[in-house]
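Enquirer: Could you have a look at this structure, given as structure tokens, before my questions?
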Amino acid sequence: MKRKLIALFLALSMCTCSIPASANGVSVNTIGTYYGIEWDITDGVLTLGGSGEVVFQQGFPDDDTSIYPNWGYRDRIKTIVFGEGVTYADAEAFSGYPALETVVLSEGFDTISARLFKDCPNLREIQGIEHVESFNMECLSGTAMMEENPFVIIDGELRYCDISESMDIVVPDGVTRIGKDAFGNLMNLPYDFRSDELYDIEDVKFTITLPETVETVEALAFANLPALTAINIPDGVTEIGDMAFLNCLRLRSITLGKNVKKIGDYAFLNCKDLEEITISGKNVQLGKDALGVALDTEKYLKEHYSEEDYERLKEDLYSFDTLVFCRLNWFGDMNYLEADALSMAETLDVYGYVPETLSIHGCINSTAHYYAHEKGLRFVPIDKGTLALGDVNGDTMINAVDASIILTEAANLSTGGGSKLTAEQMSCADVNGDKAFNATDAAFILQYAAYAATGGTGTIEEFVK
């Protein structure tokens, strides 16, 4: 009998499952392992050690029975500590923990995935949040932390915004950078991917006001926000990242300050309602298809969906456009929602077009001017009161027509005839500044027109020098 009792005791001591230390619930102790992760619950603190990621068990999504680890006592867990070897946790792994108050992240934990701490009503503190580089959709929605301040700001960079309802958003003073996908939580306002429920786009809209302290808008900062109708770009902004306003389908006009030096690739791609964009600076670096390219969604739908699906989807093209340009990574990849640049470029080659309503407002002979000419966009000069050097006929372009006018007028003068040019036109025709206009000036104009047509971004003054 004694040997049987000893054997029973040893068997129980080898179990990896947890045993409550107290039946009355005063103190709970639980231990276990899960795909390389060792976990322990002691007095309301869940500590994750070892090495690995908290992910769905193998089989997802084909096997709907796959589940997260069963920590047990989730309604009593007040603190979660991620050890150095635990670098990631899948969407919803810790959502809906009613007692959770504090999370401690290790330095290697750099992504808070989709809905990770959603609906944890008492969560107010995340230690180590400064190490996080990516905050994915709805990761902190429904927490006390977001209710008290819906922004995560680290060292002047706005990393995450959580506004669950359409409203006007005012970013606090002192923010100097708008981080990558900072407003990604708002992209699902007009479309709920999980329920496939469509909303009336007219009922879901908001504006964003940035403080004057902002200097940089990172890649994808405002991407995929069909409900965004207006935003200000402060004069202090110097750079707008790649795809920063991708798929902002209802944004109608935007003015960039004179200090903007760079606009990234696809920055305003597929902003279909954009009627005018004003670029005050003369020498702004414009990335690939930065302005004025949209997607023929109906053509895309017809070629990729059945007639029945096409009739259903075309009723809300605002919502569908976002799906065309994005790859949804529900589980597995570090980024929950990211724009697939290669797929986007290939799609544009087939389905891209230039919107008829968009006009580029800028300085004559600026990089914006040449971009508009190259892409076939309407250009509206913001300094049209004075003719630009080389633009003899005042059509806001410097080309062979201006060279021809100069040659014709120079020939008339050389034969004793009078010039028909105004004093201002004569001044514009003297591109090399030698107090005369002649074949040399015409040659400079032709050379400059060829230079601009092949992507040159300098002004004619710089070119002649």
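Enquirer: Just a yes or no: is a residue in region 102-120 in contact (Cβ under 8 Å) with a residue 12 or more places away in the chain, over 18 Å from Tyr88 (Cα atoms), in contact with a Cys (Cβ under 7 Å, 6 or more places away or on another chain) and open to solvent by less than 10 Å² (accessible area, probe 1.4 Å)?
Expert: Within region 102-120, none of the residues are in contact (Cβ under 8 Å) with a residue 12 or more places away in the chain, over 18 Å from Tyr88 (Cα atoms), in contact with a Cys (Cβ under 7 Å, 6 or more places away or on another chain) and open to solvent by less than 10 Å² (accessible area, probe 1.4 Å).
Enquirer: Could you say whether any residue in region 76-83 is open to solvent by 10 Å² or more (accessible area, probe 1.4 Å), in a strand (DSSP E or B), among the hydrophobic types (A, V, I, L, M, F, W, C) and without any contact (Cβ under 8 Å) to a residue 24 or more places away in the chain?
Expert: Taking region 76-83 and keeping what is open to solvent by 10 Å² or more (accessible area, probe 1.4 Å), we get 76, 78-79, 81, 83.
Then keep just the ones that are in a strand (DSSP E or B); that gives 79, 81.
From the residues that got through so far, the ones that are among the hydrophobic types (A, V, I, L, M, F, W, C) too are 81.
Keeping just the survivors that are without any contact (Cβ under 8 Å) to a residue 24 or more places away in the chain gives none.
The answer is no; no qualifying residue exists.
Enquirer: Listed residues Leu328, Leu348, Leu317; which is modelled with pLDDT under 80 and farther than 19 Å from Glu138 by Cβ?
Expert: Within the list Leu328, Leu348, Leu317, the selection yields Leu317.
Enquirer: Let me spell it out: the conditions are (1) within 25 Å of Asp289 (Cα to Cα); (2) part of a helix (DSSP H, G or I); (3) open to solvent by 30 Å² or more (accessible area, probe 1.4 Å), and Gly455 meets all of them except one. Which number is the exception?
Expert: Condition not satisfied by Gly455: (2).
Enquirer: I need the full set of residues from region 240-286 which are assigned to a strand (DSSP E or B) and among the charged types (D, E, K, R), in order please.
Expert: Of everything in region 240-286, those that are assigned to a strand (DSSP E or B) and among the charged types (D, E, K, R) turn out to be Lys262, Glu276.
Enquirer: Please count how many residues of region 250-265 are of a type in the set (Val, Ile, Thr) and under 17 Å from Ala223 (Cβ atoms).
Expert: Of the residues in that region, 2 qualify.
Enquirer: Any residue that is over 20 Å from Lys282 (Cα atoms), open to solvent by less than 30 Å² (accessible area, probe 1.4 Å), not in a helix (DSSP H, G or I) and not polar (S, T, N, Q) - is there at least one of those in region 424-431?
Expert: yes
Enquirer: Further question on the same structure: Kindly provide the set of residues from region 144-175 that are surrounded by 16 or more Cβ atoms within 10 Å (Cβ to Cβ) and assigned to a loop (DSSP other than H, G, I, E, B), ordered by number.
Expert: Pro150, Asp162, Ile163, Ser166, Val171, Val175
Enquirer: If you scan region 125-141, which residues turn out to be crowded, with 19+ Cβ neighbours inside 10 Å and at positive phi?
Expert: Matches in region 125-141: Glu138 only.
Enquirer: Something else now. Go through region 288-309 and give me each residue that's assigned to a helix (DSSP H, G or I) and open to solvent by 20 Å² or more (accessible area, probe 1.4 Å). Steps first, please.
Expert: At the first step, the residues of region 288-309 found to be assigned to a helix (DSSP H, G or I) are 297-304, 307-309.
The answer is Glu298, Lys299, Tyr300, Lys302, Glu303, His304, Glu307, Glu308, Asp309.
Enquirer: Report, by residue number, each residue of region 161-192 that is in contact with a helix residue (DSSP H, G or I) (Cβ under 7 Å, 6 or more places away or on another chain) and either polar (S, T, N, Q) or at pLDDT 95 or above (or both).
Expert: none
Enquirer: Name every residue in region 109-132 that is under 24 Å from the mean Cα position of the chain (by Cα), modelled with pLDDT of 90 or more and part of a loop (DSSP other than H, G, I, E, B), in order of residue number.
Expert: Hits for region 109-132 are Phe109, Asp110, Leu116, Phe117, Lys118, Val132.
Enquirer: Could you count how many residues in region 213-224 are more than 11 Å from Ala182 (Cβ to Cβ) and either assigned to a strand (DSSP E or B) or at pLDDT below 95 (or both)?
Expert: Within region 213-224, residues that are more than 11 Å from Ala182 (Cβ to Cβ) and either assigned to a strand (DSSP E or B) or at pLDDT below 95 (or both) number 2.
Enquirer: Something else about it: Give all pairs with beta carbons closer than 8 Å in which a residue from region 408-427 that is touching a residue at least 40 places away in the same chain (Cβ under 8 Å) meets a residue that is assigned to a helix (DSSP H, G or I); count only pairs at least 6 apart in sequence or on separate chains.
Expert: Once the first residue is touching a residue at least 40 places away in the same chain (Cβ under 8 Å) and sits in region 408-427, no partner that is assigned to a helix (DSSP H, G or I) comes close enough.
The values are calculated or read from the model by the stated rules, or taken from the named source; none is laboratory data. All of these numbers come straight from a predicted model, not from anything done at the bench. When we count neighbours, we look across all protein chains shown, and the Cβ atoms used for this are built from the backbone with ideal geometry, even at glycine. Areas reflect the complete protein model, heavy atoms only, side chains present, ligands, DNA and RNA absent. Shrake-Rupley method; radii C 1.70, N 1.55, O 1.52, S 1.80 Å.
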